[in-house]
Amino acid sequence: MADESWRLPSSVQQLAASTQEPPRQYLLREQEPLGGNLAGTEMPEPIPTIDLGLLSASNDAEEAAKLRSALQTWGFFKVSNHGMETSLMDSVMTTSRDFFRLPLEEKRKYSNIIDGKHFQMEGYGTDQVKTQDQRLDWSDRLHLKVEPEDERNLALWPIHPKSFRDDLHEYTLRSKRIKDDVLRAMAKLLELDEDCLVNQFSDRALTFARFNYYPPCPRPDLVLGIKPHSDVYALTVLLMDKDVAGLQFLRDGTWYNVPAVSNYTLLINVGVTMEIMTNGILKGPVHRVVTNSEKERISVAVFYGLDPEREIGPIAQMLTEDRPARYRKMKVKDFLAAHFEHFSRGERVVDSLRIRSRFLHACAGKT
Ligand SMILES: O=C(O)CCC(=O)C(=O)O
Ligand SMILES: [Fe+2]
């Protein structure tokens with residue numbers, strides 16, 4: 001039988017502890033589609049920061065203008081005055097760190113590989129390896145479905161550290177309020193009904209939490225923590241490591257470093273689902289994570305997606321005669337499956353959904 005062991009890469013954390021030479025599958029190729037130089041450029045301005053309290057309580061015009069500019073220029077921004085206590089963010093970070101410090105056998109109880117061979121989206125491990133020549137990321141992760149709540153697979157929710165489950169539950173309740181406030185502010189900017197975007201997320205909508213762990217890497221010049229991608233869901237709320245930087249966003253062909261700041265930061269970014277729903281007005285920015293030779297790094301991402309059983313496509317209120325649908329409709333679960341195929345090849349799923357411009361012109365010409 002053919003050797004299929006390449007489908008089951010070892011934990012990167014374990015690899016990092018035992019090697020000075022990352023294996024070939026982790027190394028950047030000569031021709032990288034989105035640039036092989038991993039040293040990013042400093043952002044030309046501080047990360048745009050939106051006072052969410054001010055924006056949602058009084059619809060402050062200055063904050064709304066800042067949000068518009070952040071969305072147009074970067075597709076991501078930091079939120080302040082968001083109602084999430086520092087102690088909760090600290091707890092989530094500490095619990096995440098404690099989880100990754102557990103012995104491998106303990107973490108493997110939550111493995112994303114079933115029966116030693118089948119990959120599932122949820123659980124502890126690495127990304128799915130689909131082809132033998134796929135470039136691998138220098139990170140491990142724990143990926144959990146948080147909503148719908150009745151679909152939580154608690155067998156994959158760690159019981160050590162003890163506070164893990166409660167912290168995650170509490171954290172995602174708070175994070176949901178932030179997501180709703182951001183969606184309302186975005187709807188206003190787009191001149192939609194205030195609840196138009198919030199209402200796209202029914203009680204069957206998906207929420208995932210992903211705990212990313214990047215061990216120190218002996219070759220940060222050649223190895224990425226996460227390959228370039230746009231997040232597939234609608235919105236991401238990212239809790240960043242306050243001590244170690246690594247995240248970079250691509251803008252006009254340049255990779256910009258998101259600096260680490262000394263207190264906990266919640267970064268919000270648009271994902272491809274939102275790009276499609278807004279008919280391309282909002283863009284899911286491409287980002288990646290670089291590695292660090294000395295320090296480990298942790299981030300916690302909460303992803304907000306739609307009900308997998310519904311269709312994804314531009315929302316009706318975003319379409320006009322001058323701006324017909326740019327993306328074809330598709331069932332959300334098929335769209336997500338297509339995304340994971342594209343991601344493993346370092347491509348963006350949204351490009352495959354685009355309605356070709358010739359067709360667009362033909363539609364625009366119709367009365
Ligand atoms: O670790 C980070 O800062 C970003 C992680 C990320 O891009 C993701 O989980 O999709
Ligand atoms: Fe991401």
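The values are calculated or read from the model by the stated rules, or taken from the named source; none is laboratory data. The structure presented is a predicted model; accordingly, all values stated were derived computationally and were not measured. All Cβ positions, even for glycine, are placed from backbone atoms using ideal geometry, and neighbour counts span all protein chains on display. The accessibility values were calculated without ligands, DNA or RNA, using every heavy atom of the protein model including side chains. Shrake-Rupley method; radii C 1.70, N 1.55, O 1.52, S 1.80 Å.
With Val302, Val289 as the choices, which residue is assigned to a strand (DSSP E or B), of a type outside the set (Gly, Ala, Ser), open to solvent by less than 10 Å² (accessible area, probe 1.4 Å) and over 20 Å from Val223 (Cβ atoms)? Walk me through how you get there before you give the answer.
Details: Val289 fails: over 20 Å from Val223 (Cβ atoms).
After applying the criteria, what remains is Val302.
For region 107-121, how many residues are surrounded by fewer than 19 Cβ atoms within 10 Å (Cβ to Cβ) and part of a loop (DSSP other than H, G, I, E, B)?
5
Based on this model, can you work out whether Leu239 counts as in contact with a strand residue (DSSP E or B) (Cβ under 6 Å, 6 or more places away or on another chain), away from ligand 2 (no atom under 16 Å from the Cβ) and of a type outside the set (Val, Ile, Thr)?
no
Val182: among the aliphatic types (A, V, I, L, M) and touching a strand residue (DSSP E or B) at 6+ places or on another chain (Cβ under 7 Å), yes or no? Steps first, answer last, please.
Values: among the aliphatic types (A, V, I, L, M): yes; touching a strand residue (DSSP E or B) at 6+ places or on another chain (Cβ under 7 Å): yes.
Against the criterion (among the aliphatic types (A, V, I, L, M) and touching a strand residue (DSSP E or B) at 6+ places or on another chain (Cβ under 7 Å)), Val182 qualifies.
Exactly one condition in (1) touching a Gly at 6+ places or on another chain (Cβ under 9 Å); (2) charged (D, E, K, R); (3) open to solvent by 20 Å² or more (accessible area, probe 1.4 Å); (4) at pLDDT 95 or above is not met by Asp140; state its number.
That leaves (3) as the condition not met.
Taking the options Val244, Val270, name whichever one is within 14 Å of ligand 2 (Cβ to nearest atom) and touching a strand residue (DSSP E or B) at 6+ places or on another chain (Cβ under 7 Å).
Val270
Filter region 254-267 down to the residues that are open to solvent by less than 50 Å² (accessible area, probe 1.4 Å) and out of contact with any strand residue (DSSP E or B) (no Cβ under 6 Å at 6 or more places or on another chain) and list them by number. Break it down stepwise before answering.
Of the residues in region 254-267, the ones open to solvent by less than 50 Å² (accessible area, probe 1.4 Å) are 254-256, 258, 260-261, 264-267.
Within region 254-267, Ala260, Val261, Tyr264 meet the criteria.
Okay, residues lined up against (1) farther than 27 Å from Lys145 by Cα; (2) at pLDDT below 95; (3) within 16 Å of ligand 1 (Cβ to nearest atom):
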{"residue": "Val261", "(1), (2), (3)": "yes, yes, yes"}
{"residue": "Leu267", "(1), (2), (3)": "no, no, yes"}
{"residue": "Val270", "(1), (2), (3)": "no, no, yes"}
{"residue": "Thr278", "(1), (2), (3)": "no, no, no"}
{"residue": "Gly284", "(1), (2), (3)": "no, no, yes"}
{"residue": "Gly346", "(1), (2), (3)": "no, yes, yes"}
{"residue": "Leu353", "(1), (2), (3)": "no, yes, no"}
{"residue": "Lys366", "(1), (2), (3)": "yes, yes, no"}
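I'd like to verify a number: residues in region 231-248 that are within 10 Å of ligand 1 (Cβ to nearest atom), touching a residue at least 60 places away in the same chain (Cβ under 8 Å) and either surrounded by fewer than 22 Cβ atoms within 10 Å (Cβ to Cβ) or in a strand (DSSP E or B) (or both), how many?
Residues flagged as within 10 Å of ligand 1 (Cβ to nearest atom), touching a residue at least 60 places away in the same chain (Cβ under 8 Å) and either surrounded by fewer than 22 Cβ atoms within 10 Å (Cβ to Cβ) or in a strand (DSSP E or B) (or both) within region 231-248 amount to 4.
Inside region 219-230, can you point out the residues that are at pLDDT below 95 and in a strand (DSSP E or B)?
Within region 219-230, Lys227, Pro228, His229 meet the criteria.
Any idea which of Arg251, Arg219, Arg174, Arg210 is surrounded by fewer than 22 Cβ atoms within 10 Å (Cβ to Cβ), touching a His at 6+ places or on another chain (Cβ under 6 Å) and not hydroxyl-bearing (Ser, Thr, Tyr)? So that I can check it myself, show each step before the final result.
Details: Arg251 fails: touching a His at 6+ places or on another chain (Cβ under 6 Å); Arg219 fails: touching a His at 6+ places or on another chain (Cβ under 6 Å); Arg174 fails: touching a His at 6+ places or on another chain (Cβ under 6 Å).
Only one candidate qualifies: Arg210.
Residues being surrounded by fewer than 13 Cβ atoms within 10 Å (Cβ to Cβ) and of a type in the set (Lys, Arg): count how many of those fall in region 77-106.
Selection size over region 77-106: 0.
Checking the condition touching a residue at least 40 places away in the same chain (Cβ under 8 Å), in a loop (DSSP other than H, G, I, E, B) and over 21 Å from Leu168 (Cα atoms), which residue from Leu67, Leu38, Leu71 passes? Walk me through how you get there before you give the answer.
Details: Leu67 fails: in a loop (DSSP other than H, G, I, E, B); Leu71 fails: in a loop (DSSP other than H, G, I, E, B).
The unique qualifying residue is Leu38.
For region 50-66, check the following and say yes or no: at least one residue is among the charged types (D, E, K, R) and either open to solvent by less than 30 Å² (accessible area, probe 1.4 Å) or under 24 Å from Leu224 (Cα atoms) (or both). Quick ask: steps written out before the conclusion?
The initial filter retains those residues of region 50-66 that are among the charged types (D, E, K, R), namely 51, 60, 62-63, 66.
Within this subset, residues satisfying the condition of being either open to solvent by less than 30 Å² (accessible area, probe 1.4 Å) or under 24 Å from Leu224 (Cα atoms) (or both) are 63.
Yes - at least one qualifying residue is present in region 50-66.
Condition check ((1) within 22 Å of Tyr304 (Cα to Cα); (2) within 16 Å of ligand 1 (Cβ to nearest atom)) across all residues:
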position	(1), (2)
Gln120	yes, no
Gly125	yes, yes
Lys130	no, no
Asp140	yes, yes
Leu144	yes, yes
Asp150	yes, no
Leu154	yes, no
